[in-house]
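A quick write-up on the structure given underneath.
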Ligand code: IVH
């Protein structure tokens, strides 16, 4: 490479890597695979060595990469949070093993651990209490995210057992399980929000949220993998892992002690296969020298420890041709694009389709053109995604693909609501996939769970003109003779279906409420609403203030509920379902009184609590004779306030001079 070529390459690689690093750390939306990033970083490092005259002193190769976000308090790490050197093949690992042998001789062991694909977190404990949680940031200083980390169930807020030191720091990886990721991401897509590309981004996006109550709704987990203490307490890393496990920390059960590099290779080989059986993503294996004394002897380079290294699995990738883009209309009217691909074999299955999420993915991120050759990658998710385009293979004159303007099912002009990523078809009463989708949602296992009736039958019954509203399902019994005339149905299956429909009338209120398909009202929210409002009339007539006093109900959900019940068609539909005998009220739970201490007193519970959910506190109050009310008035006796309660509520309570107590004070009132 000529010097002028090298100069250009160094400049362009540097700029590109900074951009990717920004997307990764600040936007939490990676624009390149880790593998490609590391390769490019390595190329830049090599060129800078060969042509030091062109190296930028501020180059990304000179830093522990990362960015600091603004909204949190910045905290300097007591011990810098370094990254690990990466390897991708056996040879690089053998080189690592040789380097260690050269420095400390032949007598040492390795600990192999899974490399969890999340975000690293430093936790500080004083006198057994979690006092601080800080993100890695740029490695030197990070964000104080203690409030958010407190919502993670598997991180102990207080240690109960073990002889832990008064002061210590423990580091680990915060991540989201794949199941939770898929569930929450599907909800986001249904709600027209931008989905996260993978569980890691979802976890890091969550940890950086300003509202801890929202964080609490997104289940996160954390594996701890390194202990820092002022005085050395253990001889080996393995011993320290065993100890922290006994103090109550979540330590991964798959770590293994290996006597040499061959043991490490066996571990890697095993987990390259088994990683797909885990309930969370890992992107490699971390190999650490076990003896803490030897770790100290080996020391650090500017960026990473010499006693540890990461072996990264290669994300399985394939290249194939984009044949077309098709569009699916969901029950909410959101129109989702899907890429149809020339079939290609990838990680055990043939891939024919990939999700494209929304218009921005096509037009902004990937800038897809007709006939493009694209890279597909399979992460932990079932549906593969397109990670990039091979521009070398783009045909000259190929037209850019633009997102459609009209509904592919009914031709209505699509609209994008402000602040949302998805386009919607608003013709909900007349657009067939929306009509069918709503009925399919109603009969779904998580909603009314109707035996003998499946998605395909709903589709057929709609096409034959038997049903077009949820309530029509309950009139099918009046058409059993006509149904029997249809060739696809046997008498037995019709009886089963009608029995299943009849039986569904016993399903509890929260399932019915979820089945109605009110926007943003998922299964959990429906449960909370059913508990709080007890019947459909009080829910339908609730004001914005009353709705938002219910647990987990924010303004977005509240407004959607109000909009739903303002619609005459919806009201008529509910009246029909009521007439058919469906459950529109919760069964009254019999409260067994533990005491009468709170008799005659009224309470409102607001905010998030460390030890109890709001529902648990509500039960405690009711079991001791107290009453929960829904809005703040001068008559209210107590406001039980947790962290992060709404400022408006607090202000109103203060104005009215209402005593504000915390959960401990409430428990004291009933004698602990
Ligand atoms: S040890 C100084 N162990 O990988 C060594 N890191 O590329 C500190 N990671 O920043 C790290 N699983 O976020 C260690 N079992 C594990 C890990 C792990 C995932 C992450 C961690 C670190 C990054 C380094």
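Quick note: the coordinates plus some simple rules give every number you see, no bench work behind them. Bear in mind the structure is a predicted one, so any value in this text is a computation, not a measurement. FYI the Cβ positions are ideal-geometry reconstructions off the backbone, even for glycines, and counts take in every protein chain you see.
Across region 353-473, C-alpha contacts under 8 Å between residues 6 or more apart give a mean separation that, scaled by the residue count, equals a relative contact order of 17 percent.
Ordering 576-584, 109-117, 656-664 by mean Cβ neighbour count within 10 Å, with the highest value first, yields 109-117, 576-584, 656-664.
Among 545, 506, sorting on how many other beta-carbon atoms sit within 10 Å of each Cβ, with the fewest leading, yields 506, 545.
Could you tell me how many degrees, from 0 to 90 and to the nearest 10, lie between the Cα long axis of helix 523-533 and the main elongation axis, the longest principal axis, of the Cα atoms of the chain? The answer is roughly 50 degrees.
Based on DSSP H segments of at least four residues, each scored -39500 (n - 2.57), the chain has a per-residue ellipticity at 222 nm of -10500 deg cm²/dmol.
Give me the distance between the Cα centres of region 505-542 and region 600-646, rounded to whole Å. Cα centroid to Cα centroid, the span is 21 Å. Helix 555-565 and the long axis of the chain differ in direction by around 30°, with both axes built from C-alpha atoms.
If the segment from residue 648 to residue 413 were pulled out straight at 0.36 nm per residue, it would be longer than the present Cα-Cα gap by 80.6 nm.
If R0 is 41 Å, the Cβ-Cβ spacing of residue 488 and residue 560 corresponds to a FRET efficiency of close to 0.65. Here the contact order of the chain, divided by its residue count and restricted to Cα pairs under 8 Å and six or more residues apart, works out to 9 percent.
Arrange 209, 1, 439 by Cβ neighbour counts within 10 Å, fewest through most, would you?
The fewest-first ordering by Cβ neighbours comes to 1, 209, 439.
Once you order the gyration tensor axes a ≥ b ≥ c over the Cα atoms, which shape class does region 183-280 get: rounded for a/c under 1.5, otherwise prolate or oblate by comparing a/b with b/c? Note, shape of region 183-280 comes out oblate. Taking square-rooted eigenvalues a ≥ b ≥ c of the alpha carbon gyration tensor, is region 351-502 rounded, prolate or oblate, where a/c under 1.5 means rounded and, failing that, a/b exceeding b/c means prolate? It is prolate, given that a/c is not under 1.5 and a/b is the larger ratio. Relative to the longest principal axis of the Cα atoms of the chain, the long axis of helix 237-246 makes an angle of roughly 30 degrees.
Taking a ≥ b ≥ c as the square roots of the eigenvalues of the Cα gyration tensor, the chain is classed as oblate, since a/c reaches at least 1.5 and a/b does not exceed b/c.
Based only on other Cβ atoms within 10 Å, what is the fewest-to-most ordering of 283, 481? Could the numbers behind the result be given before it?
Numbers: 283 22, 481 8.
Ranked by crowding around the Cβ, least crowded first: 481, 283.
Here residue 463 and residue 634 are evaluated by their C-beta separation; at R0 = 56 Å the FRET efficiency comes out at 0.40. Label-to-label distance, residue 623 versus residue 567, with points set 7 angstrom from Cα along the beta-carbon direction: 4.0 nm.
Under the criterion of Cα pairs below 8 Å and six or more residues apart, the relative contact order for region 419-555 equals 23 percent.
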